[in-house]
Amino acid sequence: MSAVGVGDPAPDFTRQAHTGEMVTLGSYRGRSAVVLFFYPKDGTPVCTKEACGFRDSHEAFAAAGAVVIGVSADSPESHRRFAAERGLPYLLLSDADGSLRSLFGVPKTMAVFPGRVTYVIDKGGIVRHITNVQLSAGRHIDEALDTVKQLVNQ
């Protein structure tokens, strides 16, 4: 499958979150925008910075009508620890088999490392913005929040 691009419908999926609840992307349609961010690994320096950046901006995302969801290959147990240690107020999904990354076409960095890609999906389920920068965690948060705020004003 080719990579999901801006203007494409976001592929629907259902995954278990670190909280134990089942999360279906399509259930947010008509209710809220979704910021779906794929990151390489819980607890690594850049991933922790990114996760904490989304945490610190969580109220701003919520005020603009968006939910934030993080995805990595880590286990639900790892996600539970990571969320508890860092006070993450949003859902983390496990993609141990890489099928969700494949569904979205998230590229690997240097053909080896899991990519760091953020998708902003509007209330209609359409991808409105993509950030793909491996080492600049802050850019993902800033661009996603700017896009979500623009969606509110449309």
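Of note:
- Taking first residues from the range 21-35 that are touching a residue at least 12 places away in the same chain (Cβ under 8 Å) and partners that are surrounded by fewer than 13 Cβ atoms within 10 Å (Cβ to Cβ) and of a type in the set (Ser, Thr, Tyr), the Cβ contacts under 8 Å between residues at least 6 apart in sequence or on separate chains come to 23/14; 24/14; 25/14.
- Which listed residue, of 82, 38, 61, is of a type outside the set (Gly, Ala, Ser), touching a residue at least 24 places away in the same chain (Cβ under 8 Å) and either touching a Pro at 6+ places or on another chain (Cβ under 8 Å) or over 20 Å from residue 23 (Cα atoms) (or both): 38
- If you go through the range 90-110 and keep only what is of a type outside the set (A, V, I, L, M, F, W, C) and on the phi > 0 side of the Ramachandran plot, you end up with 98, 105.
- Only one of the numbered conditions (1) over 24 Å from residue 149 (Cα atoms); (2) modelled with pLDDT of 95 or more is violated by residue 70, and that is (1).
- Filtering 43, 87 for residues that are at pLDDT 95 or above and either of a type in the set (Asp, Glu) or at positive phi (or both) leaves a single hit, 87.
- Taking residues in the range 99-119 that are at pLDDT below 85, and partners anywhere that are among the charged types (D, E, K, R), the pairs with Cβ atoms closer than 7 Å and at least 6 places apart or on different chains are 114/101; 114/108; 115/108.
- Those residues of the range 85-95 which are within 15 Å of the chain's Cα centre (by Cα) and without any contact (Cβ under 8 Å) to a residue 40 or more places away in the chain, in sequence order: 88, 89, 90
- Residue identified as buried (at least 18 other Cβ atoms within 10 Å of the Cβ), over 13 Å from the mean Cα position of the chain (by Cα) and not β-branched (Val, Ile, Thr) among 113, 82, 104: 82
The values are calculated or read from the model by the stated rules, or taken from the named source; none is laboratory data. Keep in mind that what you see is a predicted model, and the values were worked out from it rather than measured. For neighbour counting, all protein chains shown are included, and Cβ atoms are generated from backbone atoms with ideal geometry for every residue, glycine included.
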